[in-house]
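First up is the structure itself, then whatever we jot down about it.
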Amino acid sequence: MKIGIDKASFFTPPTYVDMVELAEARDVDPNKYLIGIGQEKMGIADKAYDVVAMAANAAQQILSDEDKEEIDMVLFATETGVDFSKAGATWLHDLLGIQPYARSIELKQACYSATAGIQLAMGHIALHPESKVLVLASDIAKYGVNTGGEPTQGAGAVAMLLSANPNILALETESASYTADIDDFWRPTYSDYAYVDGKYSNEAYLNTLMATWNHYKEKQKAELSDFETLLFHVPYTKMGRKALQALEDELDEETSARFNEYYEAAIVYNNIVGNIYTGSLYLSLISLLEQAENLKAGARIGMFSYGSGAVGEFFVGELQEDYQDYLMRETHEELLDHRTKLSISEYEEILSNPVEIDEEGNATIDVQEVSPQNFVFVGVDQHRRQYDKASNVKQ
Ligand code: HMG
């Protein structure tokens, strides 16, 4: 039985920062951000778009009434959680109208945890072929104003429906995973911002790529030319180029040219959304499928997932017949084309202005820049987070 991704979509908030303007404000050559880092725009989430609201917006684009009856597990992957105890998945289960007899949990391991969700979903569906599992990945990447990591921020969510006999990508059961206890990037519970040892994190990413690929290669007697192309976790688009470079010695000329060409399609969305941590690999997958030409059913795609701290996995998917009919290219392009550019001072204000809870545990969020059908975080009522459709919120 084939198991894999039946539907997939993403959401990013309606505001962004232009990287040339950010470079000018930081007195940096814009080409450092545009070419050296490889980012043109960076999605910015104001308070109305927390990780739950973003994930709900990504998911509502793909779920039919039938799906909502058949989903029996909601796995919410994030490293921007809004509660230490309650899983974001419980709000999502409610907002999305999923039938009550479901498991709903939150998963954490930096950018890797959506891949953990996918692996759990595969095991669950193998035991219960009639089940559908909703895997959500949602994050706000925040290093702070004027920090080394600032040009590698971003915000967004990916929603994927996993099922038996999937319409888009069947996932193979064999993969190679790897764990090493390191401090390359982390966010202690007392900090709003991530700590990062930037250069070391790049090294750790590449070491983990080689460890997982070498292990997979050995176990499966595989070669890179077995794949139509590769996808990577994309914290910034230059990182995937470094990954391809690290594998270059194993690539013949034709395979190298093919991988590099597909990589351009695989970063169209990441280049203008930024790092969305848990969702970044899957945003790249959606970008590849929606933007590449000549990618045919039957193509095998090797995927590398990386989460600092660190856990990585190399795994493989096979494109299904007529997968193009199940993509949402127009919806995604429209979302990206209709964003509003923030000035650098507006962006700095958003970043340095957290939700203020009063003594009674209440907060009201000023909801701006929304489409009426979007879910938004509207405030806190006696320490209880509240979400609603924007059309129900007075603006
Ligand atoms: P930095 O010190 O600002 O940049 O750090 P740099 O000086 O190394 O320059 C970056 C690149 O720009 C270099 O190219 C320069 O040569 C080039 P490279 O050597 O890398 O090929 N450059 C220029 N190019 C053209 N024209 C110019 C120019 N000037 C310089 N004028 C760094 C960059 C990415 C390290 C920093 O932004 C950072 O710390 N970011 C956050 C950490 C990160 O994203 N790490 C990635 C791997 S870890 C990971 O992916 C996990 C993560 O997603 C978290 C999770 O798992 O949850 C982060």
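Observations on the structure shown:
- The fraction of all Cα pairs in the stretch 1-42 landing in successive 10 Å bins from 0 to the largest distance is 24, 32, 19, 15, 8, 1, given as whole percents.
- Close amide H contacts of residue 187 (hydrogens built in the peptide plane, cut-off under 5 Å, sequence separation of 5 or more or a different chain): 195.
- Sites listed here are trypsin sites (Lys or Arg not before Pro) in the stretch 70-153 whose DSSP assignment is loop and whose Cβ has at most 16 other Cβ atoms within 10 Å: 86, 108.
- Carbon + sulfur, % of accessible area of the stretch 147-288 - ligands and nucleic acids excluded, 1.4 Å: 45 percent
- Volume per residue for the chain equals 135 cubic angstrom (convex hull of Cα atoms).
- Across the stretch 303-310, computed HN-Hα scalar couplings (Karplus, 6.51 cos²θ - 1.76 cosθ + 1.60, θ = phi - 60°) run 10, 10, 9, 9, x, 3, x, 9 Hz from first to last residue, x flagging Gly and Pro.
- When the solvent-accessible area of the stretch 1-132 is split by element, carbon and sulfur atoms take up 51 percent of it, the probe being 1.4 Å.
- Looking at the stretch 310-361, the GluC sites (Glu not before Pro) that sit in a DSSP loop and have at most 10 other Cβ atoms within 10 Å of their own Cβ are 321, 356, 359, 360.
- Each Cα pair under 8 Å and six or more residues apart adds its separation to the average, and for the stretch 227-370 the resulting relative contact order is 22 percent.
- Computed over the stretch 125-227, the P(r) tail beyond 24 angstrom holds 51 percent of alpha carbon pairs.
- For the stretch 210-249, the set of trypsin sites (Lys or Arg not before Pro) satisfying both a DSSP loop assignment and a count of at most 16 other C-beta atoms within 10 Å is given as 221.
- Calculated from backbone phi, Karplus (6.51, -1.76, 1.60) coupling profile of the stretch 19-31 in Hz, x at Gly/Pro: 5, 5, 5, 5, 4, 4, 5, 9, 6, 10, 4, x, 5
- Here nothing in the chain passes the span test, since no DSSP H helix has an alpha carbon length of 27 Å or more along the helix axis and a Kyte-Doolittle mean of 1.0 or above.
- Our summary gives the chain a relative contact order of 24 percent, counting only alpha carbon pairs under 8 angstrom and 6 or more residues apart.
- Close Lys pairs in the stretch 23-137 (alpha-carbon distance under 29 Å; sequence gap of 8 or more, or different chains): 11.
- Share, in percent, of DSSP beta bridges within the chain that are antiparallel, nearest 5: 75 percent
- Looking at the stretch 1-104, the accessible area is 38 square angstrom per residue; that uses a 1.4 Å probe and ignores ligands, DNA and RNA.
- A Gaussian network model of the chain, with springs between Cα atoms under 10 Å, assigns the largest mean-square fluctuation among 347, 190, 178 to 190.
- The distance linking the stretch 15-62 with the stretch 197-247 is 24 Å (Cα centroid to Cα centroid, whole angstrom).
- For the stretch 30-139, the alpha carbon positions stretch 51, 30, 29 Å along the principal axes, listed from largest to smallest.
- Probe 1.4 Å, accessible area per residue of the stretch 236-337, Å²: 38 Å²
The values are calculated or read from the model by the stated rules, or taken from the named source; none is laboratory data. Owing to the predicted nature of the structure, the values given are computational and were not obtained by experimental measurement. Ideal geometry is used to build each Cβ from the backbone, glycine not excepted, and the neighbour counts take in all protein chains shown. Quick note on the areas: whole protein, heavy atoms, side chains included, nothing else; ligands and nucleic acids left out. Shrake-Rupley method; radii C 1.70, N 1.55, O 1.52, S 1.80 Å.
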